[in-house]
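A short worksheet on the structure shown next.
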Amino acid sequence: MSKKIIIAIDGYSSSGKSTMARALARRIGYVYVDSGAMYRAVTLYAMRNGMTSPDGKIDTPRLVAALPQIEVTFNAAGADGVQHTLLNGEDVEKEIRSMEVSSLVSPVAVIPEVRERLVALQQKFGEEKGIVMDGRDIGTTVFPDAEMKVFVCAGPEVRARRRWLELKEKGEETDFEAVLANVKERDRIDTTREVSPLRKAEDALELDNGEMTPAEQMEWLMDKFYSISGEK
Ligand code: DC
């Protein structure tokens, strides 16, 4: 029997990496962890407790002091086949995907203490291997020794369009230009921040999925998975 590996999938926001990572995990029977959801849950906690302002300012000292009281976990996949994110035991899956959380999550994700806590949690999830985790720094910081690393890229317009459609499907009507601006702003913050900026790990495989269908992406991933893990 081949041994289980760690699969790290990093990339820009709305690059489709979560959908891809989730589908891959299901197909190969691995655990899936959405690390972005963890940053979003911490952001929601900060919002709910008056630690954020609409202009993107975060009350960092208060949030850092509250970190020991913030638990982020995931439940088993429910009827919709998707596992939900829990903030102190409460299912916040829907709330963490709102535009409000999206526009405040980058400044929360630059706080070193927040990263330290979430990275430690993520590493714990990976102790048993057999995991697919997606994010920004999984192949560089969280699991630098991951056996399979993928870096997903696609242009900002393609990604903004996906995000806009996703929000529309959820009944959140937003202006495309506003979504595009949010995607670009998050790219800027994610790639230029001091702590764990988004960058391709040297040994990561690059996947430009701008023109690929989900089936083509899966085929590409399975091909790499088979050759790296030795599983057939
Ligand atoms: O993948 P996402 O859009 O749900 O991620 C939300 C935010 O969290 C994103 O703006 C960057 C941050 N993030 C991070 O800094 N490190 C990760 N490993 C995952 C997400």
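Per-structure values
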read-out	value
Distance histogram for the range 13-84 (every C-alpha pair counted, 5 angstrom bins, percent rounded to whole numbers)	3, 13, 21, 19, 14, 13, 11, 5, 1
Theoretical ellipticity at 222 nm over the chain - DSSP helices of four or more residues, -39500 (n - 2.57) apiece, nearest 500	-14500 deg cm²/dmol
Mean separation of Cα contacts under 8 Å, 6 or more apart, over the residue count of the range 29-111: relative contact order %	34
Rounded to the nearest 10 Å², the accessible area of residue 55 at probe 1.4 Å	110
For the chain, alpha-carbon Rg over 2.2 N^0.38 Å	0.98
Paramagnetic reach from residue 147 in the range 196-232 [backbone N under 15 Å; point 7 Å along Cα→Cβ]	222-232
Debye equation applied to the C-alpha atoms of the range 8-141, log10 I(q)/I(0) at 0.11, 0.13, 0.22 Å⁻¹	-0.37, -0.52, -1.50
Where the range 1-81 is the region considered: accessible area per residue in Å², 1.4 Å probe	45
Cα-based helix-to-principal-axis angle, 214-229 vs the chain, degrees rounded to 10	60
In degrees, nearest ten, helix 176-192 long axis to first principal axis of the chain (Cα)	80
Extension reserve of the residue 170-residue 19 stretch, reckoned as 0.36 nm per residue once the Cα distance is removed	52.8 nm
Segment residue 220-residue 77, extension gain: residue separation times 0.36 nm, minus the distance between their alpha carbons	49.0 nm
Angle in degrees between helix 35-48 and the longest Cα principal axis of the chain, rounded to the nearest 10	10
Rounded to the nearest 10 Å², the accessible area of residue 12 at probe 1.4 Å	60
Anchor residue 124: lysines whose Cα lies under 17 Å away (excluding residues fewer than 8 positions away in-chain)	4
Three-way shape label, the range 94-232, alpha-carbon gyration tensor, a/c 1.5	oblate
Computed label-point distance, nm, for sites residue 188 and residue 88 using a 7 Å Cα→Cβ extension	3.4
Choice from 163, 27, 97 with maximal GNM fluctuation in the chain (Cα, 10 Å cutoff)	27
Rounded Å value of the spacing that divides the Cα centres of the range 134-185 and the range 1-68	12
Above-threshold pairs, the threshold being 26 Å between Cα atoms, out of 170/232; 94/184; 149/170	170/232; 149/170
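The values are calculated or read from the model by the stated rules, or taken from the named source; none is laboratory data. Bear in mind that the values here come from a model prediction, so they are computed numbers and not experimental data. Please note: Cβ atoms are built from the backbone with ideal geometry, for glycine as well, and neighbour counts cover all protein chains shown. Please note that ligands, DNA and RNA were not included when accessible areas were found on the heavy atoms of the full protein model with its side chains. Shrake-Rupley method; radii C 1.70, N 1.55, O 1.52, S 1.80 Å.
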